[in-house]
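Quick notes on the structure that follows.
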Amino acid sequence: MSVTTPEVTTATSGLTAHQLREQRRAKISATIRYVILAAVGLLMLYPLIWLIGASFKTNSEIFANPGFIPSEPTLDGYIKGWQTSTPYTFARFFWNTFLIIFPKVLFTAISATMVAYGFARFEFPGKKILFATLIAILLLPNVVTRIPQYLLFRDIGWLDSFLPLWVPSAFAGDAFFVFMLIQFLRAVPRDMEEAARVDGANSFQTLIFIVVPLLKPAIISVCLFQFMWTMNDFLGPLIYISSVEKYPVSLALKLSIDTTEAFEWNRILAMSVLAITPALAVFFIAQKHFIEGISSGGVKG
Amino acid sequence: MAGLQLNNVDKTYPNGFKAVHGIDLEIEDGEFMVLVGPSGCAKSTTLRMIAGLETISGGEVRIGDTVVNDLAPGKRGIAMVFQNYALYPHMKVTKNLDFGLRLKRRPKDEIARATTEVSHTLEIEELLDRLPKELSGGQAQRVAVGRALIKSPEVFLFDEPLSNLDAKLRASMRVRITDLHKRLKEEGRPATVVYVTHDQVEAMTMGDRICVMKDGHIMQVADPVTLYERPANAFVGGFIGMPEMNLADATLSLDDGGRIRLGDQVIDIEPDLASRLTHKGGAITFGIRPQHFELVAPGAANALTGIVRIVEFLGHEVNLHIEIEGNAFISVIPSEQFDRSMRAGDTVALHPRARNTQIFDRDTGQNASLGG
């Protein structure tokens, strides 16, 4: 034992020297990698970080100090910004946004799922033409339909209401979501649905009890996308909504730039921070499902 | 419970491909019928037409006294077990089991009683609170069988239910399903079963009767013994049995008591075969099972001479691959009769046992040695 021990030690120390060199090399390369990644990440995030920092600055400091850490942090921008120069507070505008988003997300989920189920699972006359139309809508730039849509809604008398903003979604107007769900559903084996039919379920029951639970990750993705896009939508409300009391957050932000002679940037920035908070919060809460939804095409049996 | 009848059932796909060609099949009440055949023989399509998952292009399917052609699957009084279980992944085992009953809005206590009974029968009580992804293959298959059993259907349909299981589990599930069928019969509620498989071991061991299919046609419907001993045609002869039946082109002449010519070799027709023979002579396919192709001493009467190509020693028996007149033959001989010195390249003589020799017409493929 006493004889063999030194030999073992030498062998180990020899190996260790080699390993140490390897380790050092790995450590250096990792350090370089992470420094570059962190630097690029910071570069990308800098506007956001600056936005948050600047929202706590005074109006004069915003232009005086290029750094993002406020020298005298103040909530002034938040308090005054929330008041707005209109008779309404931002609470009203957030509520308006909610009144658009809630029906829009809900009806998108319902209508897109139903239409996708129909396309993915049933044979019916004219299916090919209808599907081609769907893809055509997908490829069509949104701008093209703005004017005809505006004229249509004007004739119905829906201008200056929330209806033009969410009613199209209730009829699966968002071709992208329908297409996304169809693709997802195509990868889901039909056996479960067939088993449900043998168990006595009709098409509607199969949809509710079997297909919707299987599609859950994809439907959550649809809801998230719709939530974020609607939250950020500026053009839609700008075209259809004219009275300030019905303004959603996206328009209200612009409002403070329009009406004030000298822009109170700290107020605008503070409200911008508040405006992106819901989208960020919802994204992080649903992140797990969201990633599952966009990354996996199928469902494990 | 009820029987099942297929009358001249056709299946043509929208692209014009005809998968099933007017098949007739009558399955009795309480019978275990196995549909077997190579892949692409339309056995699964036939089963799915019975289930109502495929439309029927022609003919009629009757369950009991009802023509079910236009009934929804749920209204046909059937239950089905799928190859990959098809359990609902988001529901616990209990919910999977009673899904059908809940859809029918049966009273709660009745559902609970049925679930308890079925889970007891299939020994899945401890699995009731699990999700399908937490089950092993065998457990999932038992739940799938339970989901069918709980509905007390008129007809059970099985679509290759064991092919996803490993060999050992497959054997035990096979016994379990056969046992369940027997038990239901003893309890006075016999179940009619239609079971699709491509595995002839499953077919032979489980079926009361077996329906052998090929290219959308029924080749033979018979009990396992008849199927093995009296195949209706060369296809059934070749499909059933392990290793498969030796089939070789030969010529039959009925002069001088009858002779079969295989290449340059001629053997006499022995009385055992002659009494059964209905062929008029000419081109035939000569069939003999490897187990009935006996090794005899060189020069023995009515033997075929060939050269050993491969010797496969399996322990209890030996498979000899032999070339006779350019045809590959297999002979299975019990291990104790095997001469250990035999090597590839040796010349051997083999005698086809007359009692088990089959003569098929080469044009029609029909068996011409089944007697009058």
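Computed from the coordinates by the stated procedures, all read-outs in this text should not be read as laboratory data. Keep in mind that what you see is a predicted model, and the values were worked out from it rather than measured. Quick reminder, even Gly has a Cβ in these numbers, built from the backbone with ideal geometry, and neighbours come from all protein chains shown.
Distance between the modelled labels on B:Asp223 and A:Asp155, one decimal in nanometres: 7.8 nm (7 Å Cα→Cβ projection). Summary value for chain B: 16 percent relative contact order, contacts being C-alpha pairs under 8 angstrom separated by 6+ residues.
Of interest is the spacing of the C-alpha centroids, which for region B:246-322 and region A:233-282 amounts to 94 Å. Distance distribution P(r), region B:105-246, all Cα-Cα pairs, bin width 5 angstrom from 0: 2, 8, 17, 19, 18, 14, 9, 7, 4, 2, 1, 0 percent. Note on B:144-151: average number of Cβ atoms from other chains within 10 Å of each residue's Cβ is 1. When the charge dipole of region A:78-295 is built from unit charges on Cβ atoms (+1 for Lys and Arg, -1 for Asp and Glu) and taken about the Cα centre, the candidate among A:Leu99, A:Gly118, A:Asn232 whose Cα reaches farthest toward its positive end is A:Gly118.
Between the amide H of B:Gly59 and those of B:Asp10, distances stay under 5 Å, these residues lying 5 or more places away or on another chain, with hydrogens modeled in the peptide plane.
At a Förster radius of 25 Å, what calculated FRET efficiency corresponds to the Cβ-Cβ distance of A:Leu37 and A:Ala279, to the nearest 0.05? Numbers along the way, then the final one.
Numbers: r = 25 Å, r/R0 = 0.99.
The formula returns an efficiency of 0.50 here.
Rounded to whole Å, the principal axis extents of the Cα atoms in region B:76-120 read 31, 26, 20, largest first.
Summing charges over all other residues whose Cβ lies under 15 Å from the Cβ of B:Gly64, with Lys and Arg as +1 and Asp and Glu as -1, gives -3.
Here the dipole of region B:4-229 is about 860 debye; that uses its Cα centre as origin and unit charges on the Cβ of Lys and Arg (positive) and Asp and Glu (negative).
Taking amide H positions as modeled 1.01 Å from N, with prolines and chain starts lacking one, the residues under 5 Å from B:Phe158 and 5 or more places away or on another chain are B:Val81, B:Val194, B:Tyr195, B:Val196. Counting every pair of alpha carbons in region A:78-295, the share spaced more than 31 Å apart comes to 32 percent.
Farthest towards the positive end of the charge dipole of region A:78-295, among the residues A:Phe176, A:Trp265, A:Leu165, is the Cα of A:Phe176, using unit charges on the Cβ of Lys, Arg, Asp and Glu. Across peptide B:88-95, the mean count of Cβ atoms from other chains lying within 10 Å of each residue's own Cβ comes to 4.
Based on the Cα atoms of the protein assembly as shown, what semi-axes does the equivalent ellipsoid have, where each is the square root of 5 times one gyration tensor eigenvalue, given in whole Å with the largest first? Spell out each step's value before the answer.
Working: eigenvalues 1045, 271, 117 Å².
Output for the protein assembly as shown: semi-axes of 72, 37, 24 Å.
Per-residue ellipticity at 222 nm, computed for chain A from helices alone with -39500 (n - 2.57) per DSSP H run of at least four residues, works out to -24500 deg cm²/dmol. Its relative contact order, with pairs defined as Cα atoms under 8 Å and 6+ residues apart, puts chain A at 27 percent. Electrostatic bookkeeping for B:Ala222 treats Lys and Arg as +1 and Asp and Glu as -1; over the other residues with beta carbon under 12 Å from its beta carbon, the sum is -1. Here is the size of region A:183-267 from its Cα atoms: Rg then Dmax, 22.3, 70 Å. For the peptides B:281-287, B:365-371, B:234-240, residues were scored by their other Cβ atoms within 10 Å and the scores averaged per peptide; the highest-first order is B:234-240, B:281-287, B:365-371.
For region A:39-157, the alpha-carbon radius of gyration amounts to 1.74 times the rule-of-thumb value 2.2 N^0.38 Å expected for a compact globular protein. Work out, in µm²/s and without decimals, the Stokes-Einstein translational diffusion coefficient of region B:242-320 at 25 °C, 0.890 mPa s, Rh from Kirkwood over C-alpha pairs. The Stokes-Einstein estimate is 172 µm²/s.
For region B:181-286, a Kirkwood radius taken over Cα pairs fed into Stokes-Einstein (20 °C, viscosity 1.002 mPa s) yields D = 131 µm²/s.
Within 10 Å of each Cβ of A:196-208, how many other protein chain Cβ atoms are there on average? The partial results should precede the final answer.
Numbers: counts 7, 7, 19, 17, 12, 6, 3, 1, 0, 3, 0, 0, 0.
Counting other chains' Cβ atoms within 10 Å and averaging over A:196-208 gives 6.
Can you figure out the FRET efficiency of B:Glu125 with A:Ile291, using R₀ = 45 Å and their beta-carbon distance, to the nearest 0.05? So the FRET efficiency works out to roughly 0.75. Please label the shape of region B:228-372 as rounded, prolate or oblate, based on the square roots a ≥ b ≥ c of the eigenvalues of the alpha-carbon gyration tensor (a/c under 1.5 means rounded; beyond that, a/b larger than b/c means prolate, else oblate). The shape class here is prolate.
If packing is taken as the average count of other Cβ atoms within 10 Å, what order do A:149-155, A:63-69 fall into, highest mean first? Intermediate results must be reported in sequence, preceding the final value.
Details: A:149-155: 13.3, A:63-69: 11.6.
Per-residue Cβ counts within 10 Å, averaged per peptide and sorted highest first, yield A:149-155, A:63-69.
If you run the Gaussian network model on chain B, springs between alpha carbon atoms under 10 Å, then out of B:Thr94, B:Thr12, B:Thr46 the most flexible one is B:Thr12. Only Lys, Arg, Asp and Glu carry charge here, each on its Cβ (+1 for the first two, -1 for the last two); on that basis region A:61-203 has a dipole of about 420 debye about its Cα centre.
Sorted from fewest to most neighbouring beta carbons within 10 Å, what does the list B:Val221, A:Val167 look like? Working shown, then result.
Details: B:Val221 20, A:Val167 17.
Ascending Cβ contact count within 10 Å gives the list A:Val167, B:Val221.
Using the reciprocal of the averaged 1/r over all distinct C-alpha pairs, how large is the Kirkwood radius of region B:77-185 in Å? For region B:77-185, inverting the mean 1/r across all distinct Cα pairs yields 14.0 Å. Extent along the principal axes, Cα only, for region B:4-229: 45, 38, 36 Å, with the longest axis given first.
Take each complete run of DSSP H in chain A, measure how far its Cα atoms stretch along the helix's own axis, and keep only those covering 20 Å or more with mean Kyte-Doolittle hydropathy at least 0.0; list them. Write down the numbers at each step before the final one.
Details: long enough: A:4-54 (68 Å, 0.52); A:90-121 (45 Å, 1.14); A:142-156 (21 Å, 0.31); A:212-232 (29 Å, 1.24); A:265-285 (30 Å, 1.71).
Sorted by number, the helices that extend far enough and score high enough are A:4-54, A:90-121, A:142-156, A:212-232, A:265-285.
For a quick protection proxy, order the peptides B:253-260, B:187-194, A:137-144, B:352-359 by their average other-Cβ count within 10 Å, most packed first. Walk me through the numbers before you get to the answer.
Details: B:253-260: 13.5, B:187-194: 17.4, A:137-144: 10.1, B:352-359: 20.1.
For the peptides B:253-260, B:187-194, A:137-144, B:352-359, the packing ranking is B:352-359, B:187-194, B:253-260, A:137-144.
For chain B, a Gaussian network of Cα nodes joined below 10 Å ranks B:Met242, B:Met342, B:Met173 by mean-square fluctuation, and the top entry is B:Met342. Simple rule: put +1 on each Lys or Arg Cβ and -1 on each Asp or Glu Cβ in region B:4-229, find the dipole, and look at B:Ser119, B:Met49, B:Val225; the Cα lying farthest toward the positive end is B:Ser119.
Out of every Cα-Cα pair that region A:126-183 contains, those further apart than 15 angstrom amount to 58 percent.
Just to confirm the filter: which GluC sites (Glu not before Pro) across region B:37-144 are DSSP coil and have at most 16 other Cβ within 10 angstrom of their Cβ? Could you put the intermediate results ahead of the total?
Working: sites: B:Glu54, B:Glu60, B:Glu110, B:Glu117, B:Glu123, B:Glu125, B:Glu126, B:Glu134; in loops: B:Glu54, B:Glu123.
In loop regions of region B:37-144 (DSSP not H, G, I, E or B), the sparsely surrounded GluC sites (Glu not before Pro) are B:Glu123.
Close amide H partners of B:Lys214, meaning residues 5 or more places away or on another chain with modelled amide H under 5 Å apart, are B:Met219. Distance from the C-alpha centroid of region B:66-115 to that of region B:184-244: 28 Å, rounded to the whole angstrom.
Quote the FRET efficiency, to the nearest 0.05, computed for B:Ser253 versus B:Ala344 with a Förster distance R0 of 41 Å and r equal to the Cβ-Cβ distance. Each step should come with its number before you reach the end.
Details: r = 34 Å, r/R0 = 0.82.
Here the calculated transfer efficiency is 0.75.
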